[in-house]
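First comes the structure, then the notes that go with it.
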C-alpha cells in the first residue's frame, strides 16, 4: 500500500541521498531553507553558473546532470564563509567537495566551464602520491603545458622564473622516507573507497 | 613551551621567509618546535576534490605520526592555514563520524599506523603566540617598536573558519593579530576585508576571477593607506605578493604593498635583523617600509654583468638559502 510508511520509505536512493551519503559526517542538506545567505556571502558567486542555494534546490529536484555540469563546485574557493553564516548550519563547502568528486566520477565536469580544474587537482595529487610532498614547479609546468601553453610561457618567463630567482621554488621534488608506507595506505584507502 | 610541529610543504621553499622568521621568533619566545618525523603533504584543497577516503588517510598519516611522538599533550602547531584546517578537519570528522574513523584506520593499518580521533590538538601558530605566550610577554621582548608603520592585518579564511573546532578568534572579524601588531608598536588600520578570501588555487583555475579577488583586498588595504599587509598563511602571501603585478597590469592599478608574515614583524620589533627574518624574498619589496621604521633592509642581490662577448643568461636561483 502506498500509504504504508515503511513501503513509502523503501525506494531507490535519489540523487539527494547519494550526495548526502558521499559527504562525511552529517552535512544537514535537508535543513536548507533556501534563504540565499550562501550565495550572497560567496566571493566567486558572481562567476558561478548557480549559487549554492540554487544548486541545493536542484539537488532536491533530482537534476543530477545539470548539477554535475555546473561550474559552481569548481569555482568554490573553499573559504567557508557560507558555512559559518548558514543559519541552518548546512556543511556547504563539504557538499561542494562531494559534488566535485561526483562530477569526476560521472565524467560530467568536462561539460562545465571549469573543465581543466580537476586536472589541476589530479596533477597536484600525482606528485603527492609519488613523493609524499607537493612540487610546485612540476605542477605548474605539467598542468600549464597541457592546457594552456601560452600560460606556461608566461609562468616560465615571469612568475616561475621570479620564484626560482627568489629561491622560493624547489628545482626537484622531495621524497619522504616513508613513501612506500604512504603508498600502501593510499592504495588501501582507494580499495575501501566507499562513502562515510 | 614545547610543541609538535607540522611545517607543511610551503615552508620549505615558497614561504621560506615565514620559516626563517618563525624559527627566529620561536627561539626568542622559548617555544620549542619538534617537527613531526617524515610528515607528508596535507593534500591542500586538491585531494578532497578527487577522492574522499584517500584524502582523509593522507592527513590521517600525519596525525598518527604526530600522536606517536606525543609532545606536550599532543599539541601540534601548523603555521599554514590550509595545513591547519586539513589536520583539524580530519580529526573533527573522524571524531564525529565513527564510520569514517574506522575506514581511515583500516587504511592506516595497512601501513602499520593507527590514529585515535581527538588525541592530537591541532593549533595555528598565531593561536600559540597570542594565547600561550600572551601579549604581556611579547611586549617585554619589544626593543624596536614599529612606530608609524601602518599595518593591515590579513587573516584570510581557514584559520578562523569553518570553526569545526572551537576557534580562538571571530570567524568574520578576527582581532587577535590586530592586538599583536599594536603590541609591537605598529599602527593598525581598519581592514574590513581582513577575513575575505585570497582566491586560493583559483589563480590556476580561472586567473581573472582570482585576480579580481586579489584586487579587492589590495584596494581595501590601499584605501586605508596601509604600508604593509601582514599575513599568517603561505597561500595568502603568495597570491597577494606574486600576483600583485598581474593585478596592476589587468586593472591598470598601481598597487605597491609589501605582503609580510606576522613573524617577520615580530622579529623586527624584537630587534632582529631583516636579513635573518627572510626579508628580500618578497616580490613587492619591503625596503620602503623597513626604512620607515629605521630597520636596515636586506642587501640587494648582486647582479653579475655578463663579460664582454658573453650572452646575457637568465639569473639562477639565489644561493643564500640560509
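Condition first: surrounded by 17 or more Cβ atoms within 10 Å (Cβ to Cβ), in a loop (DSSP other than H, G, I, E, B) and more than 10 Å from chain A (Cβ to nearest Cβ). Can you find one or more residues in region B:196-216 that meet it?
no
Residues that are more than 17 Å from residue B:82 (Cβ to Cβ) and either touching a residue at least 40 places away in the same chain (Cβ under 8 Å) or in contact with a helix residue (DSSP H, G or I) (Cβ under 8 Å, 6 or more places away or on another chain) (or both): list the helices (runs of 4 or more DSSP H) wholly contained in region A:66-143 that include at least 3 such residues.
Hits in region A:66-143: A:72-75, A:92-105, A:117-131.
Counting only residues that are farther than 26 Å from residue B:260 by Cα, give me the helices (runs of 4 or more DSSP H) lying completely in region B:1-96 with at least 1 of them.
Details: elements: B:16-28, B:47-50, B:52-69, B:81-96.
Ranges flagged: B:47-50, B:52-69, B:81-96.
Every residue in region A:46-67 that is within 13 Å of chain B (Cβ to nearest Cβ) and within 16 Å of the chain's Cα centre (by Cα), please.
Passing the criteria: A:48, A:49.
Could you check, for region A:7-15, whether at least one of its residues is within 29 Å of residue A:115 (Cβ to Cβ), within 16 Å of the chain's Cα centre (by Cα) and at pLDDT below 95?
no
Residue by residue through region A:165-196, note down the ones that are under 20 Å from the mean Cα position of the chain (by Cα) and under 16 Å from residue B:42 (Cβ atoms).
Answer for region A:165-196, where residues must be under 20 Å from the mean Cα position of the chain (by Cα) and under 16 Å from residue B:42 (Cβ atoms): A:186, A:189.
Would you check if residue B:15 is buried (at least 24 other Cβ atoms within 10 Å of the Cβ) and either within 8 Å of another protein chain (Cβ to nearest Cβ) or touching a residue at least 40 places away in the same chain (Cβ under 8 Å) (or both)?
Spelling it out, residue B:15 is indeed buried (at least 24 other Cβ atoms within 10 Å of the Cβ) and either within 8 Å of another protein chain (Cβ to nearest Cβ) or touching a residue at least 40 places away in the same chain (Cβ under 8 Å) (or both).
Looking at A:99, A:145, A:139 in this structure, which one is buried (at least 23 other Cβ atoms within 10 Å of the Cβ) and either outside the structural domain of residue A:54 (by TED's automatic domain parsing) or modelled with pLDDT of 85 or more (or both)?
A:99 is the lone residue from the list that is buried (at least 23 other Cβ atoms within 10 Å of the Cβ) and either outside the structural domain of residue A:54 (by TED's automatic domain parsing) or modelled with pLDDT of 85 or more (or both).
Give the residues of region A:39-65 that are closer than 18 Å to residue B:196 by Cα and out of contact with any helix residue (DSSP H, G or I) (no Cβ under 8 Å at 6 or more places or on another chain), sorted by residue number.
If the condition is that a residue be closer than 18 Å to residue B:196 by Cα and out of contact with any helix residue (DSSP H, G or I) (no Cβ under 8 Å at 6 or more places or on another chain), then A:40, A:46 are the ones that fit.
Give region B:248-264 a look and list any residue that's buried (at least 24 other Cβ atoms within 10 Å of the Cβ) and within 14 Å of another protein chain (Cβ to nearest Cβ), or say none.
Hits for region B:248-264 are B:259, B:261.
The values are calculated or read from the model by the stated rules, or taken from the named source; none is laboratory data. On a predicted model such as this, the values are computed, not experimentally measured, just so you know. As a convention, Cβ positions derive from the backbone with ideal geometry for all residues, glycine included, and neighbour counts pool all protein chains shown.
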